[in-house]
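For reference, the structure discussed in these notes is given below.
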Amino acid sequence: MEESSQNDDAHQRDSKGILGDVDSEISDVEGDSDEEEFHWEDEDEDGPILDANTLLQIKNNDPILTSIDVHCFDHCIDGEDAGHFIGKSSHLKKLLVKGESMEWDDRFIVRTACLLARFCRGLAQNHSVEHLQIRCCDLFVGDASVKDPKLTKIQIFIVMRLAHFFQHNVRLRSLKIECCCLRHKSTLVLALVLARKSDKSALQRIDLSSNEIHDDAAKELIESLNGYGSLVELSLGHNFIRVKGCAALEKLISSPTSNLKELDLQSNRIDDKAIAILTRSLAKNTSIKKVDLGDNYGVTDDGWQHFFTCLQNPSSSIEQLDLGANRIADRGITSLGNALANNTTLKYLDLSSSSSLQSPVHVTADGWRSFFARLHNSKSVLQDILLSGCGIDDEKLDILADAVNNNSTIKILDLSLNPQVTAMAWHRFFVACLQSPESSLEGLFLCGNLSVEADDMMAHLAGAIAHNHNDTLEAIDLGENLNITKIGWSYFSHLLCNKSTITSIYESNHTIDYLGPTRLPVDLDNLVKLNEHENKNEVAREKILQYHFQDSANVQEFRDITLKALPHAISW
């Protein structure tokens, strides 16, 4: 406790020191005469770009305009005017401030920073914005790569104006700062502001991905989030979080007021010691549903073996787990399989590139056999499995085929980038999985697997789907594959519309509505688009009218006849 108190005091001194330095610099920046030289799904969609017309709308406080994108590297826009009018707006709900991610000379960087500074001066007065995104704007205080002394003053001013906005806007529900080089000082300022914020009830989402946040600053930031009971999503991916950050997360997650549902820690510096801390906290948590720990290469197979024990807890609430690009081997994958044997919540599992044959650490056939055997378990609710780039070969695919063949819950299976599998092994897999009456597959991803035998694979795939009249499979992703010829595509044209008779068209496949992303032949593209219609009776009718009567001039009279009566009407 004494050590914790000392750390808190040190944090306060550090943060106050930064603010003291900032206060002394702000007036210099504002008075510098040389400055003139210079719902969640909807939230992530870009809005209209700030230009002369939209600026006029904001100036007039137009209630129709609730979203705007500001490109702060566009020097045709007066940043001060834009910020001033946005600051006074009472209808703007979503704001995206976008910088430029490419490298420029020092003069351009300083000019862009000045434009952003002018903009933030006005933004600080806004009280209506609920969703703020800032992308690719350099918010690092003290950029050593730029020698102009004005830049540090300007960056301090920007951070402080943003801090004022965060502090006083009680409607802010979502904050996303991405690729902005917050690093140490700017992160500490943000942490202090979040800790001091009087009204913590509105903020639901924080995304600070790709900001070069190191462990010490991450600890302070995470600790500042205590008391934010409405926070449901925290994204800190692509930073440098280690043990201290994970220890702070343990406290946050374990808090009785925490309602966190999504946690993103992909591409950090998490190791076995850090993952042990996370395991301890997640094992007790009952609210988190989505966890992303992909690309944390510091965790060994022993670390993963320990982590998967948290999934064995009957109270585990995790539904989606991303572990792509990690060092998982036989012990880890076996532990995961054992956990899934009794898990009734996990629906989505991403193991992509976690066991490449090129990696010194990978899962052997015995490891996969142990893991896939658990998919037979009736308790499993696993629906989506991503095994892209996992070094699957013929033997491992045969093991997987047996598991999928006896599983009725798996809906999405990604087997992309496993080129070691031969055409004959794919044929066995398609027959076992797609002809099985137990199959519930809706999506199959095969990108990067079709080589010189591509046409043969297309024949095997189409034949397996047709054989059992599979009506669950809707999407097949074949990637941008140039090895498929007209002959290969013809198998799928025939599958979707066998033009021999009216009955054969009626009995064709009407469910596959995606064969992307490669460009399809015109006739097949038309069939795929027809299959997008939810009413499959209408799909069958349209195919009969288009392809059985393609040479007839009297099609129209049959269009309103019911599907069951249509063959009789045509026969008559």
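The values are calculated or read from the model by the stated rules, or taken from the named source; none is laboratory data. Quick caveat, the model's predicted, so the values are computed rather than measured. Areas reflect the complete protein model, heavy atoms only, side chains present, ligands, DNA and RNA absent. Shrake-Rupley method; radii C 1.70, N 1.55, O 1.52, S 1.80 Å.
What shape does the stretch 214-279 have by the C-alpha gyration tensor, where a ≥ b ≥ c are the square roots of the eigenvalues, rounded means a/c under 1.5, and otherwise prolate means a/b greater than b/c and oblate the rest? Verdict is prolate for the stretch 214-279.
By a straight-distance test (C-alpha under 19 Å), which lysines pair with LYS284 as possible cross-link partners, with residues fewer than eight away in the same chain excluded? Within the straight-line limit of under 19 Å, LYS284 reaches these lysines: LYS251, LYS261, LYS273.
If a/c stays under 1.5 just call it rounded; otherwise compare a/b with b/c (prolate if a/b is bigger, oblate if not). Do that for the stretch 360-482, with a ≥ b ≥ c from the square roots of the Cα gyration tensor eigenvalues. Since a/c reaches 1.5 but b/c is at least a/b, the shape of the stretch 360-482 is classed as oblate.
With the whole protein complex present, VAL232 retains an accessible surface near 40 Å², based on a 1.4 Å probe. Accessible area ranking (1.4 Å probe, heavy atoms, ligands and nucleic acids excluded), largest first, for VAL70, VAL170, VAL522: VAL522, VAL170, VAL70. Residue order by solvent-accessible surface for GLU262, GLU438, GLU220, GLU480 is GLU480, GLU438, GLU262, GLU220, largest first, with ligands and nucleic acids left out and a 1.4 Å probe.
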